[in-house]
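The values are calculated or read from the model by the stated rules, or taken from the named source; none is laboratory data. All figures in this text were calculated on a predicted structure; none of them were measured in a lab. Heads up, the Cβs are rebuilt from the backbone with ideal geometry, glycines too, and the neighbour counts pull from every protein chain shown.
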Amino acid sequence: MSEITKEDVKYYEKNCEDYIKYKDQKAKFNSNIVKDMKHNGEIVEVLGLLKGRDIYHDRYVVRFNDDTIDDNILTPELEFDFIRDPVQENTRKILSKIIKKYDLSNQEIEELKVAIINYDYEINEGLIITNLESIEKLFTEEDSDVRINPSENQLKAMAEFIKETKKYYIIYDYDEYTKKVVDSILSKNEKKIMRLEILNEIKDIVNQNITRYSSDLGIPKKRTRKRI
């Protein structure tokens, strides 16, 4: 990336004849350049265009979701004709700021994106997050033989994403279970996390015993949610 400041943009506006200023212009960003790929999928604000000798040398100036500005964006990297999805746009903006906050590497970002895709699927299938392992498992792709062990920053990033986007999901028993796990991760209170896991294990054992010895054992029970 060719990161610049707001002052640099003002300089372009005042002193560069080949600079075309844009207003209220947005585009979807996608790049094949490795160092820029962490921004893929963002709806970015296009501030202007630095005209080159032809379209192959034109450079766009854009502001990414984490407020960084780049003046070296190629034409193929921007899709101006895209379908607006306010929820997707907002969740991607949240993710971008979280990625910057925890300074994740490219690999950590890709693993975090896998976790978010798995979370999106599982939570809509009725997943109830009751412990740390529920979140850790999200980082491993379903068909992968290799278990991904997320770093502390990845876990914090995922926990914060869950917290900041909960209004877009139907999260069963969020206040009872998920909020406690998320808050424990974000506060880095390992003892609290372990205690919560032990309490959940005890609760599960008690529930299993009640079910096993209940008088209505033979009556089929409805299964509408799953808990991990």
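For the reader, a short list of remarks on this structure follows.
- When segment 33-84 is limited to residues that are farther than 16 Å from residue 4 by Cα and among the hydroxyl-bearing types (Ser, Thr, Tyr), the one that is surrounded by the fewest Cβ atoms within 10 Å (Cβ to Cβ) turns out to be 56.
- Of the residues making up segment 158-170, not a single one is among the charged types (D, E, K, R), free of Cβ contacts under 8 Å to residues at least 12 places away in the same chain, more than 24 Å from residue 100 (Cβ to Cβ) and surrounded by fewer than 17 Cβ atoms within 10 Å (Cβ to Cβ).
- One residue alone among 144, 134 is outside any loop (DSSP other than H, G, I, E, B) and modelled with pLDDT under 95, and that residue is 134.
- Residue among 18, 24 that alone is over 19 Å from residue 100 (Cβ atoms), out of contact with any Lys or Arg (no Cβ under 9 Å at 6 or more places or on another chain) and among the charged types (D, E, K, R): 24
- Conditions (1) in contact with a helix residue (DSSP H, G or I) (Cβ under 6 Å, 6 or more places away or on another chain); (2) under 24 Å from residue 100 (Cβ atoms); (3) of a type in the set (Lys, Arg); number of the one not met by residue 188: (1)
- Residues of segment 173-203 that are assigned to a loop (DSSP other than H, G, I, E, B) and modelled with pLDDT of 90 or more: 173, 187.
- Residue that is farthest from the chain's Cα centre (by Cα), among those in segment 7-26 that are farther than 14 Å from residue 59 by Cβ and surrounded by 15 or more Cβ atoms within 10 Å (Cβ to Cβ): 25
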